[in-house]
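Before I ask anything, let me first share the structure, which is written out below as structure tokens.
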Amino acid sequence: MEGPLPKSKVVLHWLTAAAVFFLFVSSWWMLALPLPSENFTYRELPFQLHKNIGITVLIVVIVMITMRIKSKMNKPQLARTRLEKLADLDHMLTYFLITACCLSGYLSSSFSGWETTWWWLVNFPTWSEEDEVLNILFSDIHMWTCWALLAVIALHIGAALYHTFRNDEAIIKMFRL
Amino acid sequence: MTVQQGNGINPKWLGIIAVLFGILLLANHGNELLKQSVLTPGSAAELFVPADCRVDELDEEGLSQQECELMVSNVQIALASSPQWFRPAMLWLSALGIFFAIFSIGTGIAFVGGRKMNLTMTKFFFAALVAVDLCTFIAAVNTGPLLRAQYLWPTLLWFFIHLTIFAVVMSYSTSIEQENS
């Protein structure tokens with residue numbers, strides 16, 4: 001069994017979990033709002049919030065990946081069981097899909113002609129002029145990576161529940177603050 | 001194989017359930033807060049401004065003209081069927097829901113991590129989650145059929161989830177008190 005994790009990593013894990021579920025539920029709702037126009041501005045706040053949280057999640061995930069790589073480098077390499085290898089794969093896939101989801105969302109927004117301002121403070125660069133084809137391409141990538149992420153999260157939660165109900169202490173490190 | 005009896009409630013099981021549903025509840029109430037902040041009375045949909053459905057936007061979103069128009073109707077439904085008190089009530093209830101959901105996550109983490117807990121406070125906060133669901137249910141009952149159709153069933157599901165967790169907390173607390181006496 002692995003030793004305790006840094007408290008910062010535990011906090012970041014739970015903040016990311018809360019943010020990702022909020023992004024899912026709010027995006028399903030906001031995409032049913034009227035299309036934007038001069039009169040209909042219902043999408044402004046939800047989309048801005050979606051981008052703010054999405055970019056924040058991306059930064060947090062990059063920090064978590066860095067922490068994971070550092071901790072792996074500092075630890076002696078022991079033989080790993082099949083389940084441990086699967087858990088590693090699940091984590092890598094989750095990190096990859098969150099990164100892909102956030103990046104494709106940002107790129108889609110960038111090619112849609114809408115500006116991306118992070119928490120109403122930092123202007124993110126747009127990659128080019130409005131490009132309908134690239135906007136739709138990245139929008140599709142955003143959608144499919146998000147569906148894949150939801151599936152991987154379901155597996156992740158299922159595995160966490162399995163270990164908890166088996167009382168095998170495998171997930172306790174994620175709860176030590 | 002025969003079903004075997006376990007020895008009482010495992011606080012780790014209670015903890016992980018509280019964390020999982022706490023995270024989902026946080027997202028749920030966060031979205032409700034966002035919804036009530038965005039759908040304000042007197043906005044374009046309520047003033048019957050016709051939907052602006054540009055062909056390029058429809059293509060981009062993969063929508064039909066009718067779907068685009070119905071998106072405006074969707075907002076009209078929410079606004080027209082909300083009594084005046086409904087929006088402030090939901091804003092308060094979702095803010096309270098967010099607070100108690102954060103508590104549920106914190107308590108769950110403490111239960112799984114095996115930390116010392118104040119059981120009286122824990123019982124109070126889980127009872128508060130049940131109370132928030134109950135108030136949301138009562139609020140939704142007193143709106144029109146269109147909002148009732150949207151709110152009643154998910155609220156009832158949350159009510160029973162929280163009632164179950166509260167019942168587990170109560171029995172855990174009782175068994176701890178019996179052990180200590």
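Here's a check for you: in the range A:37-56, which residue that is of a type outside the set (G, A, S) and within 8 Å of chain B (Cβ to nearest Cβ) is farthest from B:L70 (Cα to Cα)?
A:L49
Residue by residue through the range A:12-36, note down the ones that are out of contact with any Pro (no Cβ under 7 Å at 6 or more places or on another chain), assigned to a helix (DSSP H, G or I) and at the interface with another protein chain (Cβ under 8 Å from one of its Cβ atoms).
Result: A:W14, A:A17, A:A18, A:F21, A:F22, A:F24, A:V25, A:W29.
Looking at B:L33, B:L39, can you tell me which residue is open to solvent by less than 60 Å² (accessible area, probe 1.4 Å) and under 15 Å from A:V25 (Cβ atoms)?
One residue alone meets the criteria, B:L33.
Is there a residue in the range A:145-156 that is out of contact with any Pro (no Cβ under 9 Å at 6 or more places or on another chain), facing another protein chain (nearest Cβ under 10 Å) and assigned to a helix (DSSP H, G or I)?
No, there is no match, as no residue in the range A:145-156 is out of contact with any Pro (no Cβ under 9 Å at 6 or more places or on another chain), facing another protein chain (nearest Cβ under 10 Å) and assigned to a helix (DSSP H, G or I).
Separate question: Please find, within the range A:22-80, the residue that is nearest to the chain's Cα centre (by Cα) out of those that are among the charged types (D, E, K, R) and open to solvent by 20 Å² or more (accessible area, probe 1.4 Å).
Per the criteria, the residue is A:K51.
Just to verify a result, which residue in the range A:96-116, among those that are in contact (Cβ under 8 Å) with a residue 12 or more places away in the chain, open to solvent by 30 Å² or more (accessible area, probe 1.4 Å) and part of a helix (DSSP H, G or I), is farthest from A:A154 (Cα to Cα)?
Of everything passing the filter in the range A:96-116, A:L107 is farthest from A:A154 (Cα to Cα).
Here's a follow-up. Give me the residue from the range A:121-144 that is within 14 Å of another protein chain (Cβ to nearest Cβ) and of a type in the set (A, V, I, L, M) and, out of that set, nearest to the chain's Cα centre (by Cα).
Filtering first and then ranking leaves A:M143.
Right, another one. Of (1) among the aliphatic types (A, V, I, L, M); (2) in contact with a helix residue (DSSP H, G or I) (Cβ under 6 Å, 6 or more places away or on another chain); (3) closer than 24 Å to B:V55 by Cα, A:L33 satisfies all except one. Which?
(2)
The values are calculated or read from the model by the stated rules, or taken from the named source; none is laboratory data. No experiment lies behind these values; they were computed from the predicted model shown. FYI the Cβ positions are ideal-geometry reconstructions off the backbone, even for glycines, and counts take in every protein chain you see. Surface accessibility is based on the protein's heavy atoms, side chains included, excluding ligands, DNA and RNA. Shrake-Rupley method; radii C 1.70, N 1.55, O 1.52, S 1.80 Å.
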